[in-house]
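Only one structure is covered here, and it is reproduced in the block below.
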């Protein structure tokens, strides 16, 4: 099996503040809206109706005969940006002529490292400043932190995240923010 050691440094926001790893929560929903202004035929009256960009799309539900809307799932914009950032960070760390893994994948080590808290004692900050880590047992959930990572490297490092056979060391901690990943595959 081939081993990859990957460091994904923390992303910076618009104010150039170092951000913590971003979890991917449950799906969010919104109603479908018109993307441009124009006209459409009303499903109930048959008359032509003007609509503006951003108006909710309403249709006649064939089962109930009532007005209805279409719900669409959408991700948070910061999660989309985080996933793109991870993919780009990983892409530049892959060896030349790397071939995507299509068999077994094993996660040997995975650290989600968060910014230290302002309330940390001098002793804890000294540990962090010398490269140490302080374990974290508060939000975010590990499974939600892993989702954007797997979605970002699927098709880049491995064919599908269903190839992951085991997770050996997965941690949340405080230290120099980012993601440290040691992964094996074939």
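The values are calculated or read from the model by the stated rules, or taken from the named source; none is laboratory data. Just so it is clear, the model here is predicted, and its values are computed rather than measured. For neighbour counting, all protein chains shown are included, and Cβ atoms are generated from backbone atoms with ideal geometry for every residue, glycine included.
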Output the number of the condition that residue 135 fails; it satisfies all remaining conditions of (1) modelled with pLDDT of 95 or more; (2) within 21 Å of residue 17 (Cα to Cα). (2)
What strands (runs of 3 or more DSSP E) completely inside the stretch 74-186 contain at least 3 residues that are surrounded by fewer than 15 Cβ atoms within 10 Å (Cβ to Cβ)? 164-167
With the requirement that a residue be in contact with a strand residue (DSSP E or B) (Cβ under 7 Å, 6 or more places away or on another chain) and exposed (fewer than 11 other Cβ atoms within 10 Å of the Cβ), what does the stretch 63-73 give you? 71, 73
Failed criterion for residue 157 (all others in (1) touching a residue at least 40 places away in the same chain (Cβ under 8 Å); (2) in contact with a strand residue (DSSP E or B) (Cβ under 9 Å, 6 or more places away or on another chain); (3) more than 15 Å from residue 106 (Cβ to Cβ) hold): (3)
How many residues does the stretch 1-27 hold that are closer than 29 Å to residue 165 by Cα and assigned to a strand (DSSP E or B)? 8
Residue satisfying all of: in the stretch 28-62; in a strand (DSSP E or B) and touching a residue at least 40 places away in the same chain (Cβ under 8 Å); surrounded by the fewest Cβ atoms within 10 Å (Cβ to Cβ) among these: 29
